[in-house]
Structure formats: structure tokens, C-alpha cells
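The values are calculated or read from the model by the stated rules, or taken from the named source; none is laboratory data. Source: prediction; values computed, not measured. Reconstructed Cβ throughout: ideal geometry from the backbone, glycine too, with neighbour counts over all protein chains shown.
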Amino acid sequence: MRLPRPTPALAVLLAAVALLLSACGADTDQGEEGDGNTSSTPSTGAPADEPAGGTGTSAAGGSAVSIENFAFSPPSLDVAAGTEVTVTNRDEAAHTLTADDDSFDTGELAKGQSGSITVQGSGEIAFHCEIHTSMKGTFRVSG
């Protein structure tokens, strides 16, 4: 028996549903926001050498966050004040890493793009993706 061929419209609908479902599982706990000042610098470089699902520490002594499968990895990161954090988008979709208090923003990062921010202050700084607001994370900044 031969199955009927799916229509292009059905294929697009199934792809959209899969994308929406994958974006729903990235919630994390958030604590109080810190009083940190931060700055950000977007760039259009090649992907960082940080492996997917890495520890969040790069070889250069800074820290790294990857975006993959509509989630930040790691979702929570301990950093010292003044640490530069490199953010690399490994997803097909564009993303940002934006402080909940708007104190930093990588800007929109397309697939393969990286941006960096320098985290200042102390305490917890919650962040999210401006495009996909269910994507959340936290920096725990030590002074």
C-alpha cells in the first residue's frame, strides 16, 4: 500500500508546530536582579570554539554562553564582575541575550554570529531572548 504524499502546506505547518514546541521548554528559575552595570558589543564573527552544552568558560579566561535548541547553555552562570561573556548563536533562528532590566543586549544574532557583553556589578542578573521570551537565564555576579 502506498501512502499519500504530504502537501507543501502540511509540511510547513508541521515544521512550524515543531519549532513552537521546541521553544516552550527553556524556562529557568530567576532570583532577584542585581545592581550590575553591563555593556555589550555585538559582532559577526564565526562561532566560538565553545562546544555545545559546554561549561561556560572559554580558553581565554572569559566566559561563554551558547544558544542552541531555543535555550541558553548554560542557563545559569557564575561570573566575576568585569568578566567578558561571549554569546554564540548555534540555532537556525535569530536570538538575543538581553538583560531583564535592559542593562545589556547582544543585539540580534543570526546563526553562527557571536556577540559579547562585559558583566559589571554584583548579584543576580536575569536575562532572556527578546525574540523568544520563554528563553531565560541568570548571571550570578560576584564583586
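Annotations for the structure displayed:
- Residue satisfying condition, being of a type in the set (Gly, Ala, Ser) and closer than 15 Å to Ser63 by Cα, within set Gly121, Gly143, Gly137: Gly137
- Those residues of segment 96-125 which are part of a strand (DSSP E or B) and crowded, with 20+ Cβ neighbours inside 10 Å, in sequence order: Thr98, Ala99, Leu109, Ser114, Gly115, Ser116, Ile117, Val119, Ile125
- Residues within segment 72-81 that are touching an Asp or Glu at 6+ places or on another chain (Cβ under 9 Å) and buried (at least 24 other Cβ atoms within 10 Å of the Cβ), tallied: 0
- So Thr55, is it hydroxyl-bearing (Ser, Thr, Tyr) and either at pLDDT 50 or above or outside any strand (DSSP E or B) (or both): yes
- Those residues of segment 113-143 which are of a type in the set (A, V, I, L, M) and under 13 Å from Asn89 (Cβ atoms), in sequence order: Ile131, Met135
- The set of residues in segment 100-143 that are farther than 16 Å from Phe70 by Cα and charged (D, E, K, R) comprises Asp100, Asp101, Asp102, Asp105, Glu124, Arg140.
- Any chance Ala93 is touching a strand residue (DSSP E or B) at 6+ places or on another chain (Cβ under 8 Å) and either not hydroxyl-bearing (Ser, Thr, Tyr) or not in a strand (DSSP E or B) (or both): no
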